[in-house]
1. What about B:Phe248, is it in a helix (DSSP H, G or I), buried (at least 20 other Cβ atoms within 10 Å of the Cβ), at pLDDT 85 or above and touching a strand residue (DSSP E or B) at 6+ places or on another chain (Cβ under 8 Å)?
2. Restricted to segment C:88-138, and to residues that are of a type in the set (S, T, N, Q), within 8 Å of chain B (Cβ to nearest Cβ) and in a helix (DSSP H, G or I), which residue is nearest to B:Val210 (Cα to Cα)?
3. Quick one: count up the residues across segment B:14-43 that are buried (at least 21 other Cβ atoms within 10 Å of the Cβ) and among the hydroxyl-bearing types (Ser, Thr, Tyr).
4. What's the number of the condition A:Leu158 fails, among (1) in contact with a helix residue (DSSP H, G or I) (Cβ under 8 Å, 6 or more places away or on another chain); (2) assigned by TED's automatic domain parsing to the domain that holds A:Leu172; (3) modelled with pLDDT under 90; (4) under 30 Å from A:Gly66 (Cβ atoms)?
5. Can you tell me which residues in segment A:268-285 are among the hydrophobic types (A, V, I, L, M, F, W, C) and either in a loop (DSSP other than H, G, I, E, B) or not assigned by TED's automatic domain parsing to the domain that holds A:Asn100 (or both)?
6. Do you know which residues across segment B:11-68 are assigned to a helix (DSSP H, G or I), in contact (Cβ under 8 Å) with a residue 60 or more places away in the chain and among the hydroxyl-bearing types (Ser, Thr, Tyr)?
7. Give the residues of segment C:139-168 that are out of contact with any helix residue (DSSP H, G or I) (no Cβ under 7 Å at 6 or more places or on another chain) and away from chain B (no Cβ under 11 Å), sorted by residue number.
8. Can you tell me how many residues in segment B:118-128 are part of a helix (DSSP H, G or I) and facing another protein chain (nearest Cβ under 9 Å)?
Amino acid sequence: MNRRYFLIGSAGLAGCSLDRRPRLNVFNWSSYIAPDTVPKFESEFGVRVRYGVYESNEEMLARVMGGNSGWDIVFPTNYIVHPMLANALLAPIRRDLLTNLAQLEPSFQQPEWDPQLKWSMPYMVTAAGIAYNRKLAPPPRAWADMWDERLRGRMTMLDDPFDTLGACLKKLGLSINANDPGELRRAQAEAIRQKPLLRAYLNAEVRDQLVSGDVLAAHMWNTTAQQAMDSAGELGFVYPAEGYAVYPDCMVILRESKRPELAHQFINFLLRPDIAAANALAARTTTTNRGARAILPASFRENPTLYPAPEVVARGEWAKTLDPAAQRLRDRLWTEIKAA
Amino acid sequence: MNRLRAWFLAPSWIVMGGLFLAPLAVIFAYSLLTRGVYGGIARPWTAESYQRLADPIYLGILWRSVWIAALSTVLCLALGFPLALFISRSGRHKNLYLSLVMLPFWTSFLVRTYAWMFLLRDTGLINIVLEKLGVIRAPLPLLYNNGAVILGLVYGYLPFMVLPLYATLERLDRNLLEAAADLGARPWSALTRVTIPLCAPGIRAGAILVFIPCLGAYLTPDLLGGGKSVMIGNLIQNQFTTARDWPFGSAISLALMAIVMALLVGFLRRQEEGLL
Amino acid sequence: MNRVVVNRTGLGLAMYAVAAFLFLHLPLLILAAFSFNRSRFTVWQGFSLAWYRAALHDSQLLEASSNSLIIAIFATVVSTIIGTLCAYGMWKRNSPALAGSLYLSLVTPEIVTGISLLAFYQWIFRFLRIPLGMHTVILAHIAFSIAFVVIVVMARLRTMDGQLEEAALDLGANHWQAFRYITLPVILPGVLAAALLAFTVSFDDYVITSLVAGVDSETLPMVIYAIARRGVNPVVNAISALIVIGFGALILISERLRSA
């Protein structure tokens, strides 16, 4: 009987390796790409792509930190790029291999976190705000409304230290990129005060609960909120009055990758205007690709959630790389918030 | 003979040594290091992680884990004892009933926890039925709290309590009960003053088999507690994934192991007959 | 009078038992029932096999299931062999150190076993450059299954008469032959029961696997957890029902084989 098992098992393993095409392993945020992008890439280039998803930067970082995760391309938010670089996790990007580089918006050609685009390539931009059920009257308008007793047990905040601490900092009138320990501790106090009112700390996974009405207000990224609003008419989204965080997500190639040329080809593929436009449409995001923006339908470009009015844009604050000591303090404060 | 026996035991030693004891040694070393700036481990060597454990926030988590585990164990005992009693007295159908008790155990623990997610949520079956019957007007928040976690733990570990209880009850000498009856004891007194004391080894074994996994539970508080009923297991997982603070996570793990071992030594010291 | 009271207690106990069995089985039955619901909400909207079709056509689910199966089979075979040998050796003469280690591995919380293995693999990676993958998962499963196998086989060994082996030795067999031709056939039902237990524990494991799995070794519990985390999804109901039926059938078959 043992022999039979062994034969079956070996056959199974053999079956897995019969596929001789080169393989690329891509690790991305959930619901952040058009459904046909990966199949198109696979057929055009004759390769196989394993596409995994994660819900938060920390989840991704924990997996790739050891240097033996097996992924080739990941999508960190801009302020994570420098920590990854400091931990020798990134492979340099060869600009000569990226023929579509000129398609990037001029404002993203020399970004603050990577002026020569040597390590990362901008992908899409998201922002965090509040998604809510229109049953709530009056609807939430500011971060302070998320501390309201009427929402007890029916609201969630993002399971993300940068976002939740950022919301608390904004509520206190401070910058989301605060490095001062005193300010961070005040923000932590706010979060701990809010915790008894929360249902849970959830990221994109709260979308279903918002749609079904289990949750009335959720701290959410605008992309996820738009996806939820597509399914249910009674949902709304607001950029809070005190200000909000804006993040560009980037593509990076991991140093452990054994297929850097193929990785470059995938990044180049994502920079193609038609592909970038399809991704933006499907994922409901703001694109960093100039060529794509020109192709997007006018109705999409006028969507107030994804392309808000100038006065709303003025309230947004871009995420910046934090200094290491502050990053470390934030991680510790987050553990304490979760444990409280 | 001894040489052959050594060969028989060698593979187990290799596996236990290399895949159980060595990893424990590694996390012991990690618990004495410092967290790297963005995560992982770095020099210097320090006992700071253990000192952090004394913070009231973490002691609070320990306390919550202990009372949730203890309450779950007590509930398993209260619910499981009559069931074990029934099976031990049921004559011909003993094996059938035992299989019925064990059947849920053979299904995935994840599936069993998910079943309660399905039933307890705001738009789940229990709330819908209660609303239809007019008993309540708004859904009850049955999920994402300590109660849901305890329910999930009791549901998951009840078979672990029933089996040892049944084993002890089955070996009980009926003559003792008859003697008690002859001496005028009513069934309730016979139960409390004869049956239960004689069951003590089974109760102890069952309590250990339920309390320890409940103490280190991770899945149940994660799915049913909504990340708010943080127990030690969740804290450890959190330190090794999103918080990337390996030294602190290692320190918590070893503290948990110390508690578990202390319990075992205390509880099972009196029992010569172990499982192995 | 005593007889009447005892009967009343008996009736009460029986009713309680019925309630307890309902408590144990009803959640799973409801889960399975709603896997046939056309709507994804908890309002019955008609019978449908759509969710089963979705589950069986999902390539990620199928790959995860095959991974789980491969891992479980390899881990079961190896841990059963090693565990049986170990139980036999310890039955001859106990080894307190080994017994202690096995017992400790049994009671160590899964999360601690998982993170210690992860830390161990990451540490080894500095020297050996082996990525996380199927092999790391299989090794982890072997590690935690052995204790289960040893317990079950040991229980079976204890019911056996040691004199049988002595008789064989007296008749000229060597130790290995005595084990192979006398003891092994007697304890075979126990070995099979242990294998079944090891297989179940391995197939079902989430906590340890999720920590040590690599890119190509996503298992079925990991996929279920990822879906369940987003909320209730009838596809999970369908998968759960399939798992329950699958394992139920496995148990039934093994029971039949054992009593045959």
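The values are calculated or read from the model by the stated rules, or taken from the named source; none is laboratory data. What you see is a predicted model, and the numbers here were worked out from it, not measured in a lab. Please note: Cβ atoms are built from the backbone with ideal geometry, for glycine as well, and neighbour counts cover all protein chains shown.
1. Judged against the criteria, B:Phe248 is a match.
2. It comes out as C:Ser105.
3. Total satisfying the criteria: 2.
4. Status for A:Leu158: all satisfied but (3).
5. A:Leu271
6. B:Tyr30, B:Ser31, B:Ser49, B:Tyr50, B:Tyr58, B:Ser65
7. Those that are out of contact with any helix residue (DSSP H, G or I) (no Cβ under 7 Å at 6 or more places or on another chain) and away from chain B (no Cβ under 11 Å): C:Thr159, C:Asp161, C:Gly162, C:Gln163, C:Glu166, C:Ala167.
8. Here the count works out to 5.
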